[in-house]
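The values are calculated or read from the model by the stated rules, or taken from the named source; none is laboratory data. Keep in mind it's a predicted model, so treat the numbers as computed, not measured. In this analysis, Cβ positions are derived from the backbone assuming ideal geometry, glycine residues included, and neighbour counts consider all displayed protein chains.
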Amino acid sequence: MPVDRHPMWEELGMDLETHDALCAVLPTAFSDTFLSQENRPEGMAFWDMVVADVHGIRPAELIEEQKKGKKVFGTFCTYVPDEVVIACDGIVTGLCGGSQFWVPDGEKYLPADMCPLIKASLGARFGKTCPFFRIVDQIVGETTCDGKKKMYEILATDVPMHIMQLPQM
């Protein structure tokens, strides 16, 4: 029997009704895209289980570590060296803006012609529908594009940020 994650999500200040709508479509989308693949390796069963509770298992682990005093750092790209965060006794969690679901909330802050990945990332945080965006103590961003720079400026109004300045060509 699945664990009811609603108390955890509520404690994170999430929009439960909207989040439930997102969670209602995820199983079908995942099944249609991945589980239906011919010759899917049996070794993927672990990841199938993780995805089945994608907003539950890892967020619960991160919250337990926060209770022990660890800080959770959210990152968007592999440019942020996990080793540095781990050496400081922190925990890294990836932040993803890869869902179209979050774009409308992002468009409250950015114009419609902005990159959907950037809008979705903002929407995930400000729409309060992604636990990973709610849990982080700080976000470490990188200046890979102008859209991300603007996104970090907006995110900094709601969550502590550290920006890694990368060379731009």
>> Can you tell me which of (1) under 13 Å from the mean Cα position of the chain (by Cα); (2) at pLDDT 95 or above; (3) among the hydrophobic types (A, V, I, L, M, F, W, C) is the one Met151 doesn't meet?
In response: (1)
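For segment 63-85, give me each residue that is of a type in the set (A, V, I, L, M), at pLDDT 95 or above and surrounded by fewer than 19 Cβ atoms within 10 Å (Cβ to Cβ).
Within segment 63-85, just Ile63 meets the criteria.
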> Given Lys128, Lys108, Lys119, which one is of a type in the set (D, E, K, R), in contact with a Leu (Cβ under 6 Å, 6 or more places away or on another chain) and either modelled with pLDDT of 95 or more or closer than 30 Å to Ala24 by Cβ (or both)?
Replying inline: Lys119
> Could you list, in sequence order, the residues of segment 144-161 that are surrounded by 14 or more Cβ atoms within 10 Å (Cβ to Cβ) and either under 13 Å from Val80 (Cβ atoms) or among the acidic types (Asp, Glu) (or both)?
Replying inline: Thr144, Lys148, Tyr152, Met161
>> So the check is Cβ under 7 Å with 6+ separation or different chains; which pairs have a first residue in segment 61-78 that's of a type in the set (Ser, Thr, Tyr) and a second one that's part of a loop (DSSP other than H, G, I, E, B)?
In response: Thr75/Leu95
> What tally of residues in segment 55-89 results from selecting those that are over 17 Å from the mean Cα position of the chain (by Cα) and more than 27 Å from Cys23 (Cβ to Cβ)?
Replying inline: 10
>> Being in a loop (DSSP other than H, G, I, E, B) and either over 15 Å from the mean Cα position of the chain (by Cα) or in contact (Cβ under 8 Å) with a residue 60 or more places away in the chain (or both) is the filter here; which residues of segment 39-54 pass it?
In response: Asn39, Arg40, Pro41
>> Taking the condition of being part of a loop (DSSP other than H, G, I, E, B), in contact (Cβ under 8 Å) with a residue 12 or more places away in the chain and over 16 Å from Glu153 (Cα atoms), how many residues in segment 89-128 meet it?
In response: 9
>> Among the residues that make up segment 17-38, is at least one of them touching a residue at least 24 places away in the same chain (Cβ under 8 Å), surrounded by 15 or more Cβ atoms within 10 Å (Cβ to Cβ) and not in a helix (DSSP H, G or I)?
In response: no
> Within segment 40-77, how many residues are of a type in the set (Gly, Ala, Ser), under 23 Å from Met14 (Cα atoms) and out of contact with any Gly (no Cβ under 9 Å at 6 or more places or on another chain)?
Replying inline: 4
>> I want to confirm something. Restricting to segment 1-14 and keeping residues that are exposed (fewer than 15 other Cβ atoms within 10 Å of the Cβ) and in a loop (DSSP other than H, G, I, E, B), which single residue is modelled with the lowest pLDDT?
In response: Met1
>> Please go through (1) charged (D, E, K, R); (2) in contact with a strand residue (DSSP E or B) (Cβ under 7 Å, 6 or more places away or on another chain); (3) under 24 Å from Leu16 (Cβ atoms) for Lys148 and return the number of the only condition it doesn't satisfy.
In response: (3)
> For Val85, are the conditions met, namely being in contact with a Pro (Cβ under 7 Å, 6 or more places away or on another chain) and part of a helix (DSSP H, G or I)?
Replying inline: no
